[in-house]
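S.K.: Pasting in a structure now, in C-alpha cells, and then I'll have a few things to ask.
The values are calculated or read from the model by the stated rules, or taken from the named source; none is laboratory data. Model, not experiment: these values are computed from the prediction. Positions of Cβ are generated from backbone atoms using ideal geometry, with glycine treated the same way; all protein chains shown enter the neighbour counts. For the accessible areas, the whole protein counts, side chains as well, though only heavy atoms, and no ligand, DNA or RNA atoms are used. Shrake-Rupley method; radii C 1.70, N 1.55, O 1.52, S 1.80 Å.
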Amino acid sequence: MEIRFSRDEEAFRAEARAWLEANVPRGQRPPPHDLHARRAYDMAWQRTMFDAGWAGINWPKEFGGRGASLMEQLIWFEEYARVGAPEASTGFVGLKHAGPTLIACGSDAQKAFHLPKILKGEVVWCQGFSEPNAGSDLASLQTRAVIDGDHLVVTGQKIWTSFGHIAEYQELLVRTDPDAPKHKGITWVICPMGLPGMDVRPIKTLAGNADFCEVFYDGVRVPLANVVGRLNDGWRVAMATLSFERGTAFMSEQVRLARRVEEVVALARRVPGPSGHARAIDDDEIARRLALARAEVEAMRAMTYRSLSTAARTGMPGPEGSMIRLFFSELIQRIDQVTMDILGPACLEGFSLDGAPEAGFSERYLTGLSQTIGGGTKEIQRNIVGERVLGLPR
Ligand SMILES: Cc1cc2nc3c(=O)[nH]c(=O)nc-3n(C[C@H](O)[C@H](O)[C@H](O)COP(=O)(O)OP(=O)(O)OC[C@H]3O[C@@H](n4cnc5c(N)ncnc54)[C@H](O)[C@@H]3O)c2cc1C
C-alpha cells in the first residue's frame, strides 16, 4: 500500500512545518517533579497554538478548533513530533478527551463554558474513572452519588487520577442507580476540583514523580447541571471518552518513537559497550536490537497509515487501534530496555545526577513501564484484538 498526499495536503504540511519550526518552545521543559512549572509551560504553549489558530487540530471549527481532516491531523502530528514539540502532558485530558466528549455529548451551556477555556490553555482537566476495584473492569465502579435538590452528593474514592492535584475539573464517573445492571446505573459528571469534602492525595511513582493522585469524596456536592448526557447514561458517555482517549493518540507516536530510536543509536555510538567494546554500537547483539527497533518503528508507521486510510474511508477508528496501541506500548519498552542494557550500571549513576543526559534515559525506562497499563492494559488490548479484529471466541 502506498499513501500519497494531495497537493493541498502538501501545502498544509509546509504551513504546519513553517509555523512549528518558528514557534516551538526553545526553552528546556521543566523537570517532571515540578508539576506547577510543567503546568505553566504546557498552558503557555497551548495558548501560543490557540492564538495562531492551531489549537484543537481535530476539533470542529464551530467549537473553536482547526477542523482538520484525518490526513491533515496525521500531517500535523508528524510535523509536531518531527520538531520535538511538547507532548500535551498536563493538557492531555482536556484536549484529547474531555473537550471532545463535551462536543459529542455535552449541553450547549457546558460547551460554551468549558471548550474555550480548554483551547486557550486556561484549565487542566483530570480523569476520575479508575477505582481500587475498578480498572480494566471499569463498570464495577462503586463511587456513589445521590440526588439532593439540584445537586449530586458524591461519596467514594478514585485512584490513578493523573494531574488531579493541579486540575480545575474532573471527568467523574459515579454510580447513581445501585439497583440497575452495572453498566446502566452510571453517570458522567463534570466535577470542579477543590470542592468541600474532596481530599486529593498524590501518589509517588517509582520514577520519583507524583503525577498520580488518589481522590477521596465525602459528601461532595456537584450541581446536577454538570451531568453530561443524562443521569444513568454515563456508560455511553464514558465509551465516547475512551474512544477519544485511544483514538488518534498513535498518530504522532511513530515519529516520536523514530526519534527515540535515533537518540539511542547516538548514545550507543557515544558510550562504551556492555561487553568491553569501545562503543556499544560495536556489540553485535546491541546493533541487532537497534536495527530491529528501527524496522519495528517502520512497521508501526505502516500500521498507522493503514488504520488512518481505513478510518478516512469508513469514518470510524475501529478496533485495529488496539493493535497499534499494543505494538507501540511493547515496542517502547523494548527500546527502553536496550537503552538500559547499553548504559549498564551508568543508568543508576545517571539517575542520581541531576541534569546528566543518562538521567533522562533512566527516567524514561521507569516511566515507560506504565505504557502497558494506562489507557487499557496489554492483556485488555489483546482481548480486543482477539475478539473484535480476529473474531476469536470469547
Ligand atoms: C500512566 C497511567 C495513567 C493513568 N491515568 C489515569 C487517570 O488519569 N484516570 C483514571 O481514572 N485512571 C488512570 N489510570 C488507571 C488505568 O486506567 C488502570 O490502571 C487500568 O485501566 C488497569 O486497571 P488496574 O490498574 O485496576 O488493573 P486491573 O484491572 O486490576 O488489572 C490487573 C491485571 O489483570 C489483568 N486483567 C484484568 N482483567 C483482565 C481480563 N479481562 N483479561 C485478561 N487480563 C485481565 C490486567 O491486564 C492486569 O495485568 C492510569 C494508569 C496509568 C498506568
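S.K.: Select from the range 190-240 the residues that are assigned to a strand (DSSP E or B) and in contact with a helix residue (DSSP H, G or I) (Cβ under 6 Å, 6 or more places away or on another chain) and write down the one among them that is most open to solvent (accessible area, probe 1.4 Å).
M.R.: Ranking the candidates gives Pro202 first.
S.K.: List, please: which pairs have Cβ atoms under 7 Å, are six or more places apart or on different chains, and start with a residue in the range 362-386 that is more than 17 Å from Ser89 (Cα to Cα) and hydroxyl-bearing (Ser, Thr, Tyr) and end with one that is open to solvent by 60 Å² or more (accessible area, probe 1.4 Å) and more than 6 Å from the ligand (Cβ to nearest atom)?
M.R.: Ser362/Phe351; Thr372/Lys378
Let's see how each residue does on (1) in a loop (DSSP other than H, G, I, E, B); (2) within 23 Å of the chain's Cα centre (by Cα); (3) within 24 Å of Ala37 (Cα to Cα); (4) in the same structural domain as Ser370 (by TED's automatic domain parsing):
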{"site": "Ser136", "(1), (2), (3), (4)": "yes, yes, no, no"}
{"site": "Ala139", "(1), (2), (3), (4)": "no, yes, no, no"}
{"site": "Gln142", "(1), (2), (3), (4)": "yes, no, no, no"}
{"site": "Val146", "(1), (2), (3), (4)": "no, no, no, no"}
{"site": "Val153", "(1), (2), (3), (4)": "no, no, no, no"}
{"site": "Gly156", "(1), (2), (3), (4)": "no, no, no, no"}
{"site": "Ser162", "(1), (2), (3), (4)": "yes, yes, yes, no"}
{"site": "Gln170", "(1), (2), (3), (4)": "no, yes, yes, no"}
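S.K.: Can you tell me how many residues within the range 100-142 are over 22 Å from Leu231 (Cβ atoms) and more than 14 Å from the ligand (Cβ to nearest atom)?
M.R.: 9
S.K.: Can you pull out every residue in the range 173-204 that is among the charged types (D, E, K, R) and free of Cβ contacts under 8 Å to residues at least 24 places away in the same chain?
M.R.: Within the range 173-204, Asp179, Asp199, Arg201, Lys204 qualify.
S.K.: Another question, if that's okay. Taking the options Leu331, Leu326, name whichever one is assigned by TED's automatic domain parsing to the domain that holds Val297, at pLDDT 95 or above and buried (at least 19 other Cβ atoms within 10 Å of the Cβ).
M.R.: The conditions single out Leu331.
S.K.: Quick check, is Arg313 at pLDDT below 90, surrounded by fewer than 20 Cβ atoms within 10 Å (Cβ to Cβ), under 30 Å from Phe5 (Cβ atoms) and among the charged types (D, E, K, R)?
M.R.: Here the answer is yes, as Arg313 does meet what is asked.
S.K.: I'm trying to understand the selection: among the residues of the range 336-388, which are at pLDDT 85 or above and more than 16 Å from the ligand (Cβ to nearest atom)?
M.R.: Gln337, Val338, Thr339, Met340, Asp341, Ile342, Leu343, Gly344
S.K.: So which helices (runs of 4 or more DSSP H) are wholly in the range 29-117 and hold at least 3 residues that are modelled with pLDDT of 95 or more and open to solvent by 40 Å² or more (accessible area, probe 1.4 Å)?
M.R.: 35-51
S.K.: Another question, then. Taking Thr155 as meeting all but one of (1) surrounded by fewer than 19 Cβ atoms within 10 Å (Cβ to Cβ); (2) hydroxyl-bearing (Ser, Thr, Tyr); (3) more than 18 Å from Val227 (Cα to Cα), write down the number of the exception.
M.R.: (3)
S.K.: What tally of residues in the range 257-276 results from selecting those that are at pLDDT below 90 and open to solvent by 60 Å² or more (accessible area, probe 1.4 Å)?
M.R.: Result for the range 257-276: 5.
S.K.: Which numbered condition trips up Gly185, out of (1) under 16 Å from Leu152 (Cβ atoms); (2) out of contact with any strand residue (DSSP E or B) (no Cβ under 6 Å at 6 or more places or on another chain); (3) not aliphatic (A, V, I, L, M)?
M.R.: With (1) under 16 Å from Leu152 (Cβ atoms); (2) out of contact with any strand residue (DSSP E or B) (no Cβ under 6 Å at 6 or more places or on another chain); (3) not aliphatic (A, V, I, L, M) applied to Gly185, the lone miss is (2).
S.K.: Exactly one condition in (1) charged (D, E, K, R); (2) farther than 19 Å from Thr372 by Cα; (3) under 21 Å from the mean Cα position of the chain (by Cα) is false for Arg325; which is it?
M.R.: It fails just one condition, (2).
S.K.: Still on this structure, I have one more. Provide a single number: the residues in the range 143-167 that are more than 11 Å from the ligand (Cβ to nearest atom), touching a residue at least 12 places away in the same chain (Cβ under 8 Å) and out of contact with any Gly (no Cβ under 8 Å at 6 or more places or on another chain).
M.R.: Here the count works out to 11.
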